[in-house]
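The structure appears right after this line, and notes come after that.
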Amino acid sequence: MNKTVKKVILTVFAMAVIMLCFAVTSFAADADITATVGYQANAEDANTVIHTQNGRDGSTYLFLPSSADLANLVLTFDGTEATLTGANGSIAVTSGSAFDLTALFDAGTEEYAVKLTSSAGQAAFTVMKSANVRSMYLVSDDPVNQGRPWVDTAKTNEATGKMSFISATGDVDYSGTLTQIKGRGNATFDNFIKKPYQIKLSKKAALTGGSDEANKKWVLLANAADNTLLHNLVAFDIANAAGLPFTPKCELIDLYYDGEYRGSYLLSEKTEVGSTRVDIEDLDELIEDANADNDAYTNPVVVHKTTASKGETNAAVNAKGSYKYVTGLTEPALAEGTTHHAYLLEIEFIWRYPDEQSGFVTERGQAVVTKDPEYLTKETGAFISQFWQDFENAVYSENGYNKKTGKYYYDYCDLDSLVKLYLINELGKNYDGFRSSCFFYLPEDSDIMYAGPVWDYDICFGNGHNNRALMSNPNNFYVTDKYLVDGLIKIESFRDAVKATLNKEDGEFYTAVMALLGEDGTIEKQAATIDASQKMNFKIWDITSDYSIVVKDGAEKTYENAVDFFQYYVETRVNWLSDETSSWNGDNFTITTDSGTKRYNSLTLLFEKFVNFFKTIAAWFNSLFA
């Protein structure tokens, strides 16, 4: 081979190498490194690392907590040195070092669209920042196999992990391990992508207030069916102001789960027995202690019995006048001088009752679940089912008087709490009102039980079930045809108590509701507090869903208009209720129930039973191939 040919070959080879290097360099410069962009909310806490993610519109976002300082922002990314470009120019930035993001944008900017270019590639994303609220970070111990997607699949999927809770100014309010992260709820968990959760701390801590509120279990409500994000919080505020005991303490927060922003959530105390929650005897704990070495407790077998026979006769699963308990349990001893234990009860839909370990079905066919204790014994089941049956019989007897026992309905249940629980549900036209998530508690050795605490008011105040003509109308009664209320409303003493607390002059309930309204009221203040948070929330969750949002006729489906309707609805409705009940006098009263309510509820019940049946079939079918 002559020298000329060799030179040509070497020249071509060198050019090829140069072109290849150029191509590699160009490829690197064009590589998308967006997924590597990260932020750490607290420099001392590795749990608080978050990353960019996709929004509903397909764009990439970095959702920062309230504690972030945009003028001294620290990001991490592939490639040490980079250029960050914004609306008003570019600046040099270094991974892990602070820079001023606001220098690239006009004052008042809320969405910071940037392009980051480093030696490793490019990243285009939009920065948004929350304000005023604390941020919670859940980190799975096994994010690959038991991370959020796995937990979101089924309520039975329980994970462990770590949690950090950061104040709006960046302080670490809590950091520790979690012995439980799981989904919770019924309709919200089953029907919405945005899931509610329950977490359990390894040690008791006060997350929403002072040390007297320290507990292990806490609930994260998704507010997925409520695009004001305020219904639950406001309902709890009403209950608290009206004087209902044990109302859960709560606050709106931003939730991050395995490095991803999940939206605005309501951190709340759980409705459970405890010294700082429903402060009654913990029968569940007593039964567990009494059966520490009992296989019947560790491997529970549920038995269904009739109430009247005190557990001697078998009964069908949902038989009227029956209760169910775990057989073979040792009865816990009563405290000296007491006549009975304490119970926390929940009115529940009959089709959910078979999934519960303990409870009873009344002679009118209403399911009542014992939330504490989880496992009824034969004796405790016989007692509480009969106590409730006597109460039900009184409610549905003439003048609320049970001739068999010689007691009135208010001898079984505190009248004040009963009226206020009714009115909170009536005010919001709560779909679940006196049908589900409706609690009562009977303290140990007490002759009388109490209505409450309040719980679950997201499908309320006008939204839900796509029936706007019915749900968003602030006039007419709604809960008056539901269980217990349809009997109570016929009793003069109950009506008198309703009328008195709705009096515009000095009615306790009316006063509590009116305090929520106006510029200084809870609704507007809370809406202003979470303004930045809700804007981030609705970048990943749809605000325009007809199921979840309601606005005045002709108004655009915006957060501001949803809050405006909420305030209008509450004010209009409480005044309608006050005016309507003011004319009640003795036997002279009018109950104008929403047209179509009974038919609508019946159709809904039939549909939900139909869906539940097919879910059962699907679960059985899937189990065959598990």
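Does the range 337-352 contain at least one residue that is among the small types (Gly, Ala, Ser), at pLDDT below 95 and closer than 28 Å to Lys270 by Cα?
no
Can you pull out every residue in the range 472-488 that is in a loop (DSSP other than H, G, I, E, B), surrounded by 20 or more Cβ atoms within 10 Å (Cβ to Cβ) and either in contact with a Lys or Arg (Cβ under 9 Å, 6 or more places away or on another chain) or of a type in the set (S, T, N, Q) (or both)?
Tyr478, Lys482, Tyr483 - these are the residues of the range 472-488 that are in a loop (DSSP other than H, G, I, E, B), surrounded by 20 or more Cβ atoms within 10 Å (Cβ to Cβ) and either in contact with a Lys or Arg (Cβ under 9 Å, 6 or more places away or on another chain) or of a type in the set (S, T, N, Q) (or both).
Just to be sure, is Ala469 surrounded by fewer than 18 Cβ atoms within 10 Å (Cβ to Cβ), touching a Gly at 6+ places or on another chain (Cβ under 7 Å) and of a type in the set (A, V, I, L, M, F, W, C)?
Against the criterion (surrounded by fewer than 18 Cβ atoms within 10 Å (Cβ to Cβ), touching a Gly at 6+ places or on another chain (Cβ under 7 Å) and of a type in the set (A, V, I, L, M, F, W, C)), Ala469 does not qualify.
Can you tell me how many residues within the range 578-593 are under 17 Å from Tyr483 (Cβ atoms) and modelled with pLDDT under 90?
Number satisfying all stated conditions: 1.
For the range 349-395, what are the residues that are in a loop (DSSP other than H, G, I, E, B), buried (at least 24 other Cβ atoms within 10 Å of the Cβ) and either more than 30 Å from the chain's Cα centre (by Cα) or of a type in the set (A, V, I, L, M) (or both)?
Correct list: Leu376, Thr377.
Need the failing condition index for Tyr256 against (1) out of contact with any Lys or Arg (no Cβ under 9 Å at 6 or more places or on another chain); (2) at pLDDT 95 or above; (3) hydroxyl-bearing (Ser, Thr, Tyr), just the number.
Single failed check for Tyr256: (1).
For the range 141-152, does any single residue satisfy the condition of being surrounded by fewer than 21 Cβ atoms within 10 Å (Cβ to Cβ), over 18 Å from the mean Cα position of the chain (by Cα) and part of a loop (DSSP other than H, G, I, E, B)?
Checking the range 141-152: at least one residue is surrounded by fewer than 21 Cβ atoms within 10 Å (Cβ to Cβ), over 18 Å from the mean Cα position of the chain (by Cα) and part of a loop (DSSP other than H, G, I, E, B).
Only residues that are of a type in the set (Phe, Trp, Tyr) and under 15 Å from Gly38 (Cβ atoms): list them for the range 100-137, please.
Listed by number, the residues that qualify are Phe125, Tyr137.
Going through Leu334, Leu329 one at a time, which residue ends up being in the same structural domain as Lys404 (by TED's automatic domain parsing) and crowded, with 20+ Cβ neighbours inside 10 Å?
Residue meeting the stated conditions: Leu329.
Take the range 231-261 and flag every residue that is outside any loop (DSSP other than H, G, I, E, B) and among the small types (Gly, Ala, Ser).
Scanning the range 231-261 gives Ala235, Ala239, Ala241, Ala242.
When the range 556-579 is examined, which residues are found to be of a type in the set (D, E, K, R) and either without any contact (Cβ under 8 Å) to a residue 40 or more places away in the chain or part of a loop (DSSP other than H, G, I, E, B) (or both)?
Matches in the range 556-579: Glu556, Lys557, Glu560, Asp564, Asp579.
Identify all residues within the range 495-513 that are of a type in the set (A, V, I, L, M), within 23 Å of Ile591 (Cα to Cα) and in a helix (DSSP H, G or I); write none if there are none.
Ala497, Val498, Ala500, Val513, listed by residue number.
Hey, does the range 341-348 have a residue that's more than 26 Å from Gly433 (Cβ to Cβ), more than 24 Å from the chain's Cα centre (by Cα) and surrounded by 15 or more Cβ atoms within 10 Å (Cβ to Cβ)?
yes
Identify, please: which residue in the range 300-309 is assigned to a loop (DSSP other than H, G, I, E, B) and hydrophobic (A, V, I, L, M, F, W, C) and is, among those, modelled with the highest pLDDT?
The selected residue is Val301.
Among the residues of the range 271-299, which ones are surrounded by fewer than 18 Cβ atoms within 10 Å (Cβ to Cβ), touching a Phe, Trp or Tyr at 6+ places or on another chain (Cβ under 8 Å) and within 19 Å of Pro443 (Cβ to Cβ)?
Result: Asp279, single match.
Got a number for residues in the range 272-299 being modelled with pLDDT of 95 or more and under 21 Å from Lys217 (Cβ atoms)?
14
Looking only at residues that are without any contact (Cβ under 8 Å) to a residue 24 or more places away in the chain and not small (Gly, Ala, Ser) in the range 194-209, which one is surrounded by the fewest Cβ atoms within 10 Å (Cβ to Cβ)?
Lys204
Here's the yes/no breakdown for (1) more than 21 Å from Asn132 (Cβ to Cβ); (2) outside the structural domain of Asp445 (by TED's automatic domain parsing); (3) in contact with a helix residue (DSSP H, G or I) (Cβ under 9 Å, 6 or more places away or on another chain):
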site	(1), (2), (3)
Lys217	yes, yes, no
Ala235	yes, yes, yes
Leu244	yes, yes, yes
Thr247	yes, yes, yes
Asp254	no, yes, yes
Gly263	no, yes, yes
Leu266	no, yes, yes
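With the range 28-137 as the region, which strands (runs of 3 or more DSSP E) entirely inside it contain at least 2 residues that are of a type in the set (A, V, I, L, M)?
Passing ranges, in order: 49-51, 60-64, 81-86, 89-94, 112-118, 121-129.
For the range 153-192, how many residues meet the condition of being in a helix (DSSP H, G or I) and surrounded by fewer than 14 Cβ atoms within 10 Å (Cβ to Cβ)?
3
Asp553 fails exactly one of the following numbered conditions: (1) of a type outside the set (A, V, I, L, M, F, W, C); (2) in contact with a strand residue (DSSP E or B) (Cβ under 6 Å, 6 or more places away or on another chain); (3) not in a helix (DSSP H, G or I). What is the number of that condition?
(2)
Residue check: is Asp416 part of a loop (DSSP other than H, G, I, E, B) and either at pLDDT 95 or above or closer than 18 Å to Asn232 by Cβ (or both)?
no
Which residue, of Leu516, Leu502, is surrounded by 20 or more Cβ atoms within 10 Å (Cβ to Cβ) and modelled with pLDDT of 95 or more?
Leu502
Go over the candidates Asp594, Asp542 one by one and state the one that is farther than 30 Å from Tyr256 by Cβ, surrounded by 13 or more Cβ atoms within 10 Å (Cβ to Cβ) and among the charged types (D, E, K, R).
Answer to the selection: Asp594.
The values are calculated or read from the model by the stated rules, or taken from the named source; none is laboratory data. Quick caveat: nothing in here was measured; it's all calculated off a predicted structure. Here Cβ is always computed from backbone atoms with ideal geometry, including for glycine, and neighbour counts include all displayed protein chains.
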